[in-house]
């Protein structure tokens, strides 16, 4: 199986996380930010991630990819899901984006490996989120808006090894968002959130992205 991805993409990380939990080798191709042709050539539109199965058929929708990978061998996502975790993830993704989007270009990630790719990202995201310099100048305000969500999660986490005590799809919702948020220098996770993040990242053998 081959996964087409952006290194910074939290949705892509869901699939990478699932493969790591299964100890399943996943070939990865990081696509340049401005390389729409590769994505359109695979599935007819610009979308990421794309998982190409061993039979050559492409898959879309990250949670479908997660379920597909989990069906290989013994299932690992066997725990219950909670509606409040899904609600939390929806709220939190909107609050992390203004913090993380203007920081990704500072990390030297492979999807920004050319000037054209970097410019493409900045122009595209600026239409939605605004000027990156101005956004970074509002870091303290944005962290203050995010902290109540992290404190809510701190109360919801049942174990450092699984948000609901046993691995479930909720972990696939939570960990990628925390990986994204961790790029924000000066953001401090509450105790349970920090323990969960460090434990899970160690379990899947991934290093956090640099904080800037």
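The values are calculated or read from the model by the stated rules, or taken from the named source; none is laboratory data. Model, not experiment: these values are computed from the prediction. Cβ placement follows ideal geometry from the backbone for every residue including glycine, while neighbour counts extend to all protein chains displayed.
Is it the case that some residue within segment 21-34 is part of a helix (DSSP H, G or I), farther than 18 Å from residue 6 by Cβ and not assigned by TED's automatic domain parsing to the domain that holds residue 105? Write out each step before concluding.
Filtering segment 21-34 down to residues part of a helix (DSSP H, G or I) leaves 21.
Filter once more, keeping what is farther than 18 Å from residue 6 by Cβ: 21.
Among the residues that remain, those that are also not assigned by TED's automatic domain parsing to the domain that holds residue 105 are: 21.
So far as segment 21-34 goes, yes, one or more of its residues are part of a helix (DSSP H, G or I), farther than 18 Å from residue 6 by Cβ and not assigned by TED's automatic domain parsing to the domain that holds residue 105.
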Check: Looking only at residues in segment 112-138 that are closer than 24 Å to residue 30 by Cβ and not in a helix (DSSP H, G or I), which one is farthest from the chain's Cα centre (by Cα)?
Finding: 114
Notebook entry, point to check: In this structure, does residue 95 turn out to be surrounded by fewer than 18 Cβ atoms within 10 Å (Cβ to Cβ), out of contact with any strand residue (DSSP E or B) (no Cβ under 8 Å at 6 or more places or on another chain) and in a helix (DSSP H, G or I)?
Noted result: no
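For segment 139-164, which residues satisfy the criterion of being in a loop (DSSP other than H, G, I, E, B) and closer than 16 Å to residue 201 by Cα? Explain how you work it out, then say what you get.
Taking segment 139-164 first, the residues in a loop (DSSP other than H, G, I, E, B) are 157-158, 160-161, 163-164.
If the condition is that a residue be in a loop (DSSP other than H, G, I, E, B) and closer than 16 Å to residue 201 by Cα, then 157, 160, 161, 163 are the ones that fit.
For the structure I just gave you, tell me whether residue 100 is at negative phi, outside the structural domain of residue 63 (by TED's automatic domain parsing) and crowded, with 20+ Cβ neighbours inside 10 Å. Quick ask: steps written out before the conclusion?
Numbers: at negative phi: yes; outside the structural domain of residue 63 (by TED's automatic domain parsing): yes; crowded, with 20+ Cβ neighbours inside 10 Å: yes.
Criteria met by residue 100.
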Check: Within segment 49-68, is even one residue touching a residue at least 12 places away in the same chain (Cβ under 8 Å), part of a loop (DSSP other than H, G, I, E, B) and within 16 Å of the chain's Cα centre (by Cα)?
Finding: yes
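If you check 193, 184, which single one turns out to be under 16 Å from residue 95 (Cα atoms) and assigned by TED's automatic domain parsing to the domain that holds residue 133?
Details: 193 fails: under 16 Å from residue 95 (Cα atoms).
After applying the criteria, what remains is 184.
Quick grid of which residues meet (1) loosely packed, with under 11 Cβ neighbours inside 10 Å; (2) touching a strand residue (DSSP E or B) at 6+ places or on another chain (Cβ under 6 Å):
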position: 49; (1), (2): no, yes
position: 54; (1), (2): yes, no
position: 69; (1), (2): no, no
position: 73; (1), (2): yes, no
position: 76; (1), (2): no, no
position: 87; (1), (2): no, no
Notebook entry, point to check: When you go through 183, 193, 174 one by one, which is the residue that is touching a helix residue (DSSP H, G or I) at 6+ places or on another chain (Cβ under 7 Å) and not in a helix (DSSP H, G or I)?
Noted result: 183
